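Worksheet for the structure shown next.
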Amino acid sequence: MQTSLPSSAPGSMKEHCDHQADCLKMIQLIVDGEATEQQIEKLRNNLHTCQPCIKMYHLEKEIKELLSGKMEKKCCPEQLVASIKTRILQFS
């Protein structure tokens, strides 16, 4: 899911985030397309006032885009898939 979030805007922006680790987790979920609408809205509201979170969001998004462009998708051999499934079933 591609999410449009605000960029930094002048005004009363916070220079320090009090819950940076939690914000980073939420940003990563959003960038990976795994966030709920509630998480997206929560971060969107935070980005209106938090300069560090805006920077983290843009950095994570750029990293994801760069990595996606560098990775080559290849099919996995059926024998490997079967072997992995067998091992998973042994531990469940």
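Readers should treat all values here as calculations from the given coordinates under stated rules, not as data from a laboratory. For clarity, every value in this text was computed on a predicted model and none was experimentally measured. Here the Cβ is made from the backbone with ideal geometry for all residues, glycine too, and neighbour counts use every protein chain on show.
How big is the charge dipole of the chain about its Cα centre, in debye rounded to the nearest 20, if each Lys and Arg gets +1 on its Cβ and each Asp and Glu gets -1 on its Cβ?
260
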For this session: Please build a GNM for the chain, connecting alpha carbons under 10 Å apart, and tell me which residue among Glu78, Glu41, Glu15 fluctuates the most.
Result: Glu78
Problem set entry | Nearest 10 degrees, 0 to 90: helix 20-31 Cα axis against the chain principal axis | 60
Exercise. Which number gives the lysine pairs in the stretch 32-92 that have C-alpha atoms under 21 Å apart and are eight or more places apart or on different chains?
Worked result: 9
Exercise. What angle, in degrees between 0 and 90 and rounded to the nearest 10, separates the Cα long axis of helix 78-91 from the longest principal axis of the Cα atoms of the chain?
Worked result: 80
For this session: Match the structure shown to one of the listed values (i) -0.81, -1.11, -1.28; (ii) -0.62, -0.96, -1.14; (iii) -0.68, -0.92, -1.09 of log10 I(q)/I(0) by the Debye sum over Cα atoms at q = 0.15, 0.20, 0.23 Å⁻¹, computed from it, and give that label.
Result: (iii)
For this session: Please list, or write none, the aspartates and glutamates whose alpha carbon is within less than 13 Å of the alpha carbon of Lys25, excluding same-chain residues fewer than 8 places away.
Result: Glu34, Glu60
Seminar exercise, completed: Ranked by GNM mean-square fluctuation in the chain (Cα springs under 10 Å), the top entry among Leu24, Leu47, Leu80 is Leu80
Exercise. For labels at Gln39 and Lys25 in the simple 7 Å Cα→Cβ model, what's the distance in nm?
Worked result: 1.0
